[in-house]
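Input: a single structure, listed below in C-alpha cells.
The values are calculated or read from the model by the stated rules, or taken from the named source; none is laboratory data. Just so we're clear, the structure is a prediction, and the values are computed from it rather than from any experiment. Positions of Cβ are backbone-derived with ideal geometry, glycine not excepted, and every protein chain shown enters the neighbour counts. Accessible surface areas use protein heavy atoms only, side chains included; no ligands, DNA or RNA. Shrake-Rupley method; radii C 1.70, N 1.55, O 1.52, S 1.80 Å.
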Amino acid sequence: MSDMKISDSIVYVGANDKTIDLFESQYPVPNGVSYNSYVILDEKVAVMDTVDPRATEEWFANLERVLAGRHVDYLVVSHMEPDHAGNVQKFAEKYPEAKIVGNAKTFGMMAQFFDFDLTDRKVEVKEGGTLELGSHTLQFFMAPMVHWPEVMVAYEQSEKILFSADGFGKFGATDVDEEWDDEAGRYFLNIVGKYGVQVQALLKKASGLDIRMICPLHGPILKENLGHYLGLYQTWSSYEPEKKGVLVAFASIHGNTAKASQLMAEYLRENGEADVTVMDLSRTDVSYAVRKAFYYDRIVLAGATYDGGVFPCMEEFLLHLKSKNYQKRTVGIIENGTWAPLAGKVMKGILETMKNITIAEPMVTIRSTVKEDTKEQMKELAKVLTA
Ligand SMILES: Cc1cc2nc3c(=O)[nH]c(=O)nc-3n(C[C@H](O)[C@H](O)[C@H](O)COP(=O)(O)O)c2cc1C
C-alpha cells in the first residue's frame, strides 16, 4: 500500500487485510479490515501501534520506507490486543533503541503475551501524562474497557489529532469506498457495545479537547464533519436508537414463522410505520442483526419452538443482545409451535433479564400456520407497536 500522508509530519504505515475470513474469529468482513499504524516524524520519532501478525511484512516494509534510515525513539502501545500489538516483540527486537510507551496495565499484559527484556525500555505513562517529540506533544488519556482494560488514547496537541485506539474504528479496508455509519456501527455495537458507560467517560474527556482529526486503529481517518461521528458514538454508547423503526427478526424452521413475519411487516406498514426491516436469523450473521436491533427503537421477535425451547438462532441472537447491553427498546413477541408452543416463554425469559425492555401485548401464538385468529392477534400487536 502506498504511504498515506496524514500531515507533514505524520504518515500512515498500516495495512489492509482482504483475506481474513472472520475478524476476531467471529465477524464477517466482506470488505476486509485495516490495521492502522502511524509514524510521527519530529526531533524524536514515535510509532503509534503495531499491526496484526497477518500483516507483519507489509507493516515493516512501510515503516522502513517511511523512516528512511531514521531511528525510532518510541513505540506507543495503545492496548495489547493482538490485532494491534501482535508485533511488539518483533518490533522491539528490530529496533533495539526504541522505548516502549504504555501504562502500568499495558506492561502487565505485555509480559503475558511476550518474552523480551523491557528493562530500561519502558516509558510508563499515566492519565494526562505527556511525551515530548519536538514540536509535537502526545498527551495520554486512559480509556479503560474501550474495549480492553489497559486501553489509552493519545492526543497530539500541536496538530490536534486524537489517536483513538479502537474507538471510531470501522470494518472494511481503507481503500474500499463504503458508507461509514453501518460498518462502524456494526463494529462498535458488537465489539465495544457492552461498555457504553466507559465510552461515555471517554467522550466526556474528548469534549474538553479541540479535536481536528481522529486517527483510529481500524478504518478511515476522520478529518471532516467530526460532529457526525461523535454524535453517533454518543447515541450508541447511551443505547439510544438511531432511528424510529421496527426490526422484525425471525427464526423459522419450515417457513411459516417467516411468512408470519412478512405479514407482520405489512401490518406495521399499514399502520403507518415507514421503516420496517425483516431479517432471517438463520441466514443473516448475528452481528448484522445486533446492529439493526440497536438501530431501531422497536423489534418484533418471531421464533419457532424447537425441542421445548426456541429455535437456536433466535436464542443466540438474544444472548448476543443481552451481552451487548441491549436496552431501552419495545419488543413484540410472536411464537410458533405445532404441539406445545414454548418459544415465547423462552424469549420473554431472556428479555426479562435485560434492562428497560417493554414487552408489547399481546404475545402472538401461531399454531403451525397463520390462521384468521392469529392474523387478528398480529394486527392488534402491530397497532400497539405503532401507537
Ligand atoms: C426438530 C424440531 C423440533 C421441534 N420442537 C417443537 C416443540 O418442542 N414444540 C412445538 O410445539 N413445536 C416444535 N416443532 C415444530 C416447530 O415449532 C414448527 O416448525 C413450527 O410450528 C412451524 O413453524 P416454521 O414453519 O416457522 O418452522 C419442532 C420442529 C422441529 C423440526
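Worth pointing out:
- If only residues of segment 255-285 that are open to solvent by 20 Å² or more (accessible area, probe 1.4 Å) and among the charged types (D, E, K, R) are counted, the one that is nearest to the ligand (Cβ to nearest atom) is 259.
- Restricting segment 303-339 to residues that are in contact with a strand residue (DSSP E or B) (Cβ under 7 Å, 6 or more places away or on another chain) and of a type in the set (A, V, I, L, M), the residue that is farthest from the ligand (Cβ to nearest atom): 331
- Among residues of segment 32-67 being outside any helix (DSSP H, G or I), open to solvent by 20 Å² or more (accessible area, probe 1.4 Å) and free of Cβ contacts under 8 Å to residues at least 40 places away in the same chain, the one that is nearest to residue 20 (Cα to Cα) is 52.
- Taking strands (runs of 3 or more DSSP E) as the structural unit, those lying wholly within segment 185-299 and holding at least 1 residues that are out of contact with any Asp or Glu (no Cβ under 7 Å at 6 or more places or on another chain) and of a type in the set (Asp, Glu) correspond to 276-280.
- So residue 247, is it closer than 25 Å to residue 186 by Cβ, buried (at least 19 other Cβ atoms within 10 Å of the Cβ) and more than 16 Å from the ligand (Cβ to nearest atom): yes
- Residue 383 being surrounded by 16 or more Cβ atoms within 10 Å (Cβ to Cβ) and away from the ligand (no atom under 14 Å from the Cβ): no
- Hey, residue 231 out of contact with any Ser or Thr (no Cβ under 6 Å at 6 or more places or on another chain) and within 30 Å of residue 140 (Cα to Cα) or not: yes
- Flag for residue 159 being open to solvent by 10 Å² or more (accessible area, probe 1.4 Å) and either modelled with pLDDT of 95 or more or out of contact with any Pro (no Cβ under 7 Å at 6 or more places or on another chain) (or both): yes
- Restricting attention to segment 325-379, the residues being part of a loop (DSSP other than H, G, I, E, B) and either β-branched (Val, Ile, Thr) or out of contact with any helix residue (DSSP H, G or I) (no Cβ under 8 Å at 6 or more places or on another chain) (or both) number 13.
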